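Reviewing the structure listed below.
The values are calculated or read from the model by the stated rules, or taken from the named source; none is laboratory data. No experiment lies behind these values; they were computed from the predicted model shown. Reconstructed Cβ throughout: ideal geometry from the backbone, glycine too, with neighbour counts over all protein chains shown.
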Amino acid sequence: MNETAIEVRNLHQSYGDFEAVRGIGFEVARGELYALLGTNGAGKTTTLDVLEGYHPPTKGEVRILGHDPVAERDAVRHRMGIVLQEAGFYKDLTVGETVAAWRRWTRDALETREALGKVGLEHREKVRVGQLSGGERRRLDLALAVLGRPEVLFLDEPTTGLDPEARRNVWELIRGMLADGVTVLLTTHYLDEAEQLAQRLAIMHQGRIVTEGVLADVLASRGTRITFRLPGFAGSDLPYAPGLARRSVVVNGDAFTVETDEPQEDLRLLLDWAHGRRLELGGLEVRRPTLEEVFLDVAQTEGVAA
């Protein structure tokens, strides 16, 4: 069996003269959750539309479970589950009636009670959809997405607008699907969601993937930061040389920030230097940037470079 569930090679997608996706590529293994992050208009939803088989790529190649999702749609459609950013329901139907209606067009569908049980909605089966909370409607979205026992699940902003408790409930549902071996491709604006759920992630900007990998690698791509304060220090002999390896030094009053690819060596130099001058480094801290900092750096730096 092919252990790769999703393959994207040199994908381009254009609408007239506008190129929404500009030559991206990635793979997602079976049973993995891969998060696709990016600024508004980065091309995330366009990428999902192509993978889901709604549009053929302008250029490049995509494969879902080894099949072209457009040319071989019949071979793959029933093996995919999809949760869109916004789903439309008939508010006057009950939850159970909604699932029953979807079952008519779903191959090898779960029984209604079983599908609702997977998302914790079995107690709401006889409630009208219009009476559900936002979190419950999102659970209903997920129930319909898993109704056909999908091998690949596409989640486009699945927790947008939900309160923190409802979001975490959805996270637990997603973790349960991963435990069952489902492959998940997730887009989200909530960076903590990606940190909690994703085995690997990519950050898109203006139609391109700027950085990709496991979380630790993505964070390491922007260097480790050493911060400290030196009140009253007016010297310029810090033991750092911008341009050596990948170091940079930012000074803001008495606050210093050193970004480096060699934190252990730079920290040793800094402590030896301070000890030799009888200086105290106030608030000394060594840390990698957060995912939010990397994301904002991508948006700002790549936006200027584009």
- Message: Anything in segment 49-75 that is in contact with a Phe, Trp or Tyr (Cβ under 9 Å, 6 or more places away or on another chain) and buried (at least 21 other Cβ atoms within 10 Å of the Cβ)? List them, or say none.
- Response: LEU51, GLU52, PRO69
- List, please: which pairs have Cβ atoms under 6 Å, are six or more places apart or on different chains, and start with a residue in segment 19-41 that is over 21 Å from LEU191 (Cα atoms) and end with one that is basic (Lys, Arg)? ARG22/ARG208; GLY25/ARG9
- Item | Scope segment 198-212; condition over 13 Å from LEU291 (Cβ atoms) and either small (Gly, Ala, Ser) or not assigned by TED's automatic domain parsing to the domain that holds GLY176 (or both); matching residues | GLY207
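May I ask you to list the residues in segment 70-106 that are part of a loop (DSSP other than H, G, I, E, B) and touching a residue at least 24 places away in the same chain (Cβ under 8 Å)?
Filtering segment 70-106 down to residues part of a loop (DSSP other than H, G, I, E, B) leaves 70-72, 84-93, 104-106.
LEU84, GLN85, ALA87, PHE89, TYR90, LYS91, ASP92, LEU93, THR106, listed by residue number.
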- Is it true that some residue in segment 46-64 is out of contact with any strand residue (DSSP E or B) (no Cβ under 6 Å at 6 or more places or on another chain), assigned by TED's automatic domain parsing to the domain that holds LEU110 and among the aromatic types (Phe, Trp, Tyr)? yes
- Restrict the check to segment 262-276 and report whether at least one residue is at pLDDT 85 or above and in a strand (DSSP E or B). no
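Report yes if THR188 is surrounded by 15 or more Cβ atoms within 10 Å (Cβ to Cβ) and farther than 23 Å from LEU144 by Cα, otherwise no.
Numbers: surrounded by 15 or more Cβ atoms within 10 Å (Cβ to Cβ): yes; farther than 23 Å from LEU144 by Cα: no.
Considered against the rule, which asks whether it is surrounded by 15 or more Cβ atoms within 10 Å (Cβ to Cβ) and farther than 23 Å from LEU144 by Cα, THR188 comes out as no.
Quick check on this structure: which one of THR94, THR98, THR112 is over 28 Å from ILE203 (Cα atoms), assigned by TED's automatic domain parsing to the domain that holds GLY66, touching a strand residue (DSSP E or B) at 6+ places or on another chain (Cβ under 8 Å) and among the hydroxyl-bearing types (Ser, Thr, Tyr)?
Values: THR98 fails: touching a strand residue (DSSP E or B) at 6+ places or on another chain (Cβ under 8 Å); THR112 fails: touching a strand residue (DSSP E or B) at 6+ places or on another chain (Cβ under 8 Å).
Sole residue among the options that is over 28 Å from ILE203 (Cα atoms), assigned by TED's automatic domain parsing to the domain that holds GLY66, touching a strand residue (DSSP E or B) at 6+ places or on another chain (Cβ under 8 Å) and among the hydroxyl-bearing types (Ser, Thr, Tyr): THR94.
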- Which residues, taken from segment 120-134, are in contact (Cβ under 8 Å) with a residue 12 or more places away in the chain and surrounded by fewer than 18 Cβ atoms within 10 Å (Cβ to Cβ)? GLY120, GLU125, LYS126, VAL127, ARG128, GLY130, SER133, GLY134
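Please tell me if GLU32 is within 24 Å of GLY213 (Cα to Cα) and at pLDDT 95 or above. Can you show your working first?
Working: within 24 Å of GLY213 (Cα to Cα): yes; at pLDDT 95 or above: yes.
So GLU32 passes the test.
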